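Presented below is the structure to which this report refers.
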Amino acid sequence: MAMINRTRIARLGLTGIATTGAAAAALTLMPANAQAAEPVQAHARAVTASGNDSHGASTSGSAGSLDGWIKQSLAIMKAKGIPGSYEGLKRNIMRESGGNPSAQNNWDVNAKQGTPSKGLLQVIDPTFHAYHVAGTANSVTDPVANITAAANYAAHRYGSIDNVNSAY
């Protein structure tokens, strides 16, 4: 019986940390003339270092995994001259969406104005369209397109996604 209680507490603790991290330090990528977003209250989930995530994608580095998406984006970014590192991308992704490519913020100021933040780096549609990188899908929810457009935006606004360490 005690073992069951400890297991439940551990699960609740991890869920609380993941959700609190995403909610406490949200990053909504938007054009400079857009209003700032409220902190994202997404129900983030932890992405495991190995095995399968809840989307059925392996996280061992394949194309259908967070690691794979980041690596694909980095290759495109390098070819297009967009600065950024694996560490900077992953840190921001984990804060923004917990690694969930289907994450969507439906309650902040942007969502109330009809432009919810979407995807791994919580990009709104106008920002995605303004900073979309040729050679990636034309879909804000495509993981590689979302990462690459967000990194392109961050490069123009902050010099690099690596310089983004908190909500802005």
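Table for the structure above
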read-out: Interchain or long-range residues, amide H under 5 Å from Ser117's placed H; value: Asn105, Ala111
read-out: Mean Cβ count within 10 Å, highest first, over the residues of peptides 82-89, 140-147, 116-123; value: 116-123, 140-147, 82-89
read-out: Whole-percent carbon and sulfur share, accessible surface of region 98-153, 1.4 Å; value: 47
read-out: In sequence order, calculated HN-Hα J values of region 120-131 (Karplus, 6.51, -1.76, 1.60; Hz; x Gly/Pro); value: 4, 10, 6, 9, 8, 3, x, 5, 4, 5, 6, 10
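The values are calculated or read from the model by the stated rules, or taken from the named source; none is laboratory data. Everything quoted here is computed from the prediction, not taken from an experiment. Reconstructed Cβ throughout: ideal geometry from the backbone, glycine too, with neighbour counts over all protein chains shown. Just so you know, the surface numbers come from the protein's heavy atoms only, side chains and all, with ligands and any DNA or RNA stripped out. Shrake-Rupley method; radii C 1.70, N 1.55, O 1.52, S 1.80 Å.
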